[in-house]
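These notes are about the structure you will find just below.
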Amino acid sequence: MKRGRFITFEGGEGCGKSTQIKRLEAFLKEKGIDVIVTREPGGTRLAELIRGLLKDEKDDPPCDRAELLLFLAARAQLVKNVIIPALNSGTWVLSDRFSDSTFAYQGYGRGLDLEVLKIANEFACDSLKPDLTLLLDVPPEIAALRMRKREEETNTSADRIELAGDEFHRKLREGFYALAKAEKDRITTIDASGTQDEVWEAVCKSLKRLI
Ligand code: T5A
């Protein structure tokens, strides 16, 4: 049995990951490829409960270290119970965020030690690495406009992490750039400030080496 491929989508808030993942899922299914989509934090019952704590706990918000450990606990559960079994059975996995988000948000954004993160993350995900990571890069001003529009359309409001402030979002964008520079073979950066079709075209181009 040929192992499935593991593709992750990364980027700042509202960069358009979920939108492109839906398109890619439909595209792969059309090609007869078995595929599942998952998201982080989330994707199992326990990980979805942790997601609620991470995004919405306002009375007793997690401190930076607790936040890191909660993200990693959710990842450990998802990797062991969903991602590894799927890949071993030949199914492709598309994940809306994975380890790079931890390095960008908790490392570059919150300022936690990157070496500690590396060891803790490898432990959580049993050293699993994506075959390909697409980093959707959008200037924060454009992302903010998209998010505001979505909030109006869906009558929702920004969560705890989205409200972290401009400086935080600037630092995490720099973090994603640094990660992409360090792992050029795995991470492809895509300019995601264009239309959905333009971004999709770039996504397809970067998939060529896998399909
Ligand atoms: N986090 C996560 C960490 O801090 N550490 C970690 O280790 C991990 C795994 C997750 C939060 O957790 C943090 C990061 C996050 O803050 P989330 O709700 O899953 O929270 O948030 P996001 O992953 O940021 O997902 P979003 O749904 O907010 O953004 P997407 O998926 O990137 O964007 P999408 O596709 O939903 O698009 C947003 C809006 O823009 C429109 C869409 O229609 C939608 O309304 N849009 C476009 N508009 C114009 N042009 C385009 N090209 C567009 N593409 C999409």
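Got a sec? Charge dipole of the chain, +1 on Cβ for Lys and Arg, -1 for Asp and Glu; which of 77, 52, 154 is way out at the positive end? Ranked along the dipole, the leading option is 77. Summarised in one figure, the compactness ratio Rg/Rh of region 6-206, Cα atoms and Kirkwood Rh, is 0.94. Please state the shape class of region 72-130: rounded when a/c is under 1.5, otherwise prolate if a/b exceeds b/c and oblate if not, all from the C-alpha gyration tensor. It is prolate, given that a/c is not under 1.5 and a/b is the larger ratio.
When only the Cβ of Lys, Arg, Asp and Glu is charged (+1, +1, -1, -1), the dipole of region 75-189 relative to its Cα centre reaches about 80 debye. Length available on full extension from residue 58 to residue 166: 0.36 nm per residue minus the Cα-Cα distance, which gives 36.9 nm.
Using just its DSSP H runs of length 4 or more, each adding -39500 (n - 2.57), the chain gives a mean residue ellipticity at 222 nm of -15000 deg cm²/dmol after division by all residues.
Springs between Cα atoms under 10 Å define the GNM used for the chain, and in it the highest mean-square fluctuation of 72, 136, 114 occurs at 114. Measuring nothing but how far apart in sequence close Cα pairs (under 8 Å, 6+ apart) lie, relative to its length, the chain scores a relative contact order of 32 percent. Relative protection proxy for 180-187, 13-20, from highest mean packing down: 13-20, 180-187 (other beta-carbon atoms within 10 angstrom). Note on residue 191/residue 115: beta-carbon distance plugged into 1/(1 + (r/R0)^6) with R0 of 25 Å gives a FRET efficiency of 0.20. Projecting the Cα atoms of 33, 87, 62 onto the charge dipole of region 21-95 (Cβ charges, centred on the Cα centre) puts 33 farthest toward the positive pole.
Separation of the alpha carbons by more than 22 angstrom is noted, of 22/58; 118/171; 31/129, for 22/58; 31/129. Specify whether the C-alpha gyration tensor of region 98-211 places it in the rounded, prolate or oblate class, a ≥ b ≥ c being the square roots of the eigenvalues: rounded for a/c under 1.5, otherwise prolate if a/b is larger than b/c and oblate if not. Verdict is oblate for region 98-211. With Cα atoms defining each centre, region 130-156 and region 1-47 are spaced 16 Å apart in the structure. Inter-label distance, residue 183 to residue 209: 1.3 nm, where each label sits 7 Å from its Cα along the C-beta direction. Tell me whether region 167-211 comes out rounded, prolate or oblate; compute the Cα gyration tensor, take square roots of the eigenvalues as a ≥ b ≥ c, and use a/c under 1.5 as the rounded threshold. Because a/c hits 1.5 or more and a/b fails to exceed b/c, region 167-211 counts as oblate. Note down the net charge around residue 186, summing +1 for each Lys or Arg and -1 for each Asp or Glu among other residues with Cβ under 9 Å from its Cβ. So the surrounding residues net to -1. Using only side-chain charges placed at the Cβ, +1 for Lys and Arg and -1 for Asp and Glu, the dipole size of the chain relative to its Cα centre rounds to 840 debye.
Laboratory data are not the source of any read-out in this text; all were calculated from the coordinates shown. Values in this document were obtained by computation on a predicted structure and should not be read as measured data. All Cβ positions, even for glycine, are placed from backbone atoms using ideal geometry, and neighbour counts span all protein chains on display.
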